[in-house]
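The values are calculated or read from the model by the stated rules, or taken from the named source; none is laboratory data. It should be emphasised that the depicted structure is a prediction, and the values quoted were computed from it without experimental measurement. Glycine also receives a Cβ, built like all others from the backbone with ideal geometry; neighbour counts cover every protein chain displayed. Areas reflect the complete protein model, heavy atoms only, side chains present, ligands, DNA and RNA absent. Shrake-Rupley method; radii C 1.70, N 1.55, O 1.52, S 1.80 Å.
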Amino acid sequence: MKNLCLLVLAALLGMAAAQPSSRIVGGEDAYEGQFPHQISLRRSGSHTCGGSIICNKYVLTAAHCVTYEDEDGKYHPLEASLYTIRAGSINRLMGGVIKQVVEIIVHENYGNFLNDVALLKLENPLVFSANIAPIPLASQETPVGSPVGISGWGRLKTNGDIPIKLQYNTLESISKLKCFTSILMSSDTLICLAHPAGNGACNGDSGGPATYNGELVGVAGFVVGGCGTSNPDGYAKVFYHVEWIKKHADCSVL
């Protein structure tokens, strides 16, 4: 697995797990209310990752956005007080509402780019509107070859500019075999999304949503060889993690 970790040269935030960095490559500007589930996860007031509203007090994001690795290679959540979310705005700098995170719940088997999911409990519940709304969790496997939407405020390219407006793009789900032959990674916990060069996720998109048929199917995890290459991107598979999410998120309705 160490070799796999070395192969994944541009993990969306894994390049500096303790120092999170912050367009969807090849994307377009979103319009207000297009992605009401999308939030900007802010560390010490600055955008660092994306996330998805799953109910009024919980957001789903990537574990690597909110953890640090100790000397023994074990991962631990960072202080919840460092984090807030901005919901209800396509502008990462203004608008919508800001909510404090009070608890971070990280998947107990997170590591080696797998099970890269975490829940954020909010201090006060969100009030739903046209611009703030939860997204249903995946109810089934995403068929191979399906168009999957991604969104985020990640960089326009490796080491590129960070957009102010939320960006979106459409990728394609591929099989485990094709994922393995492309990037030497294959797992039931992953959904791999293919795209032509000049498209895909980048730094700052981590933790953000991948959606299909109006459901949340993936959580942005890593890219291989830099942003916008022809390599598929790795997302934590929400369908695989649905029971874990329901167990740890105290939502009245999921």
Name the residue from GLN140, MET94, ILE24 whose Cα lies farthest towards the positive end of the charge dipole of the chain, charges +1 on Cβ of Lys and Arg and -1 on Cβ of Asp and Glu. MET94
Mind putting together the pair-distance distribution for the range 73-152? All Cα pairs, 10 Å bins, whole percent per bin, short to long. 14, 33, 37, 15, 0
Sum of -39500 (n - 2.57) over DSSP H runs of 4+, divided by residues of the chain (222 nm, nearest 500): -2500 deg cm²/dmol
Straight-line reach only, C-alpha to C-alpha below 16 angstrom: list the aspartates and glutamates that LYS157 could link to, leaving out same-chain residues fewer than 8 apart. GLU28, ASP29, ASP205, ASP233
Among (1) 19.3; (2) 17.4; (3) 20.0, the entry that matches Kirkwood radius over Cα pairs in Å as calculated here: (2)
SER146's amide H: which non-local residues (gap 5+, or another chain) put their own amide H closer than 5 Å, with H modeled 1.01 Å from N in plane and none for Pro or chain starts? SER173
Accessible area per residue, 1.4 Å probe, Å², for the chain: what's the number? 43
Scoring the range 137-193 by relative contact order with C-alpha pairs under 8 Å, at least six apart, yields a percentage of 32
Keeping the other protein chains in place, figure out the carbon and sulfur percent of the accessible area of the range 209-254, with a 1.4 Å probe. 44
How would you rank 110-122, 137-149, highest first, on the average number of other Cβ atoms within 10 Å across their residues? 110-122, 137-149
Per residue of the range 198-205, what does 6.51 cos²θ - 1.76 cosθ + 1.60 with θ = phi - 60° give for ³J(HN,Hα)? Whole Hz please, x for Gly and Pro, Karplus curve as stated. x, 9, x, 8, 8, 3, x, 8
Given H placed on each backbone N at 1.01 Å, which residues far from TYR68 in sequence or on other chains put an amide H within less than 5 Å of it? HIS76, LEU78
Computed for the chain: size of charge dipole around the Cα centre, +1 on C-beta of each Lys and Arg, -1 on C-beta of each Asp and Glu, debye to nearest 20, value 320
Filter on LYS121/LYS247; LYS57/LYS99; LYS121/LYS246; LYS176/LYS246; LYS74/LYS246; LYS165/LYS237 - keep pairs with C-alpha separation over 19 Å: LYS176/LYS246; LYS74/LYS246; LYS165/LYS237
Can you tell me the relative contact order of the range 123-243? Whole percent, Cα pairs under 8 Å, sequence separation 6 or more. 28
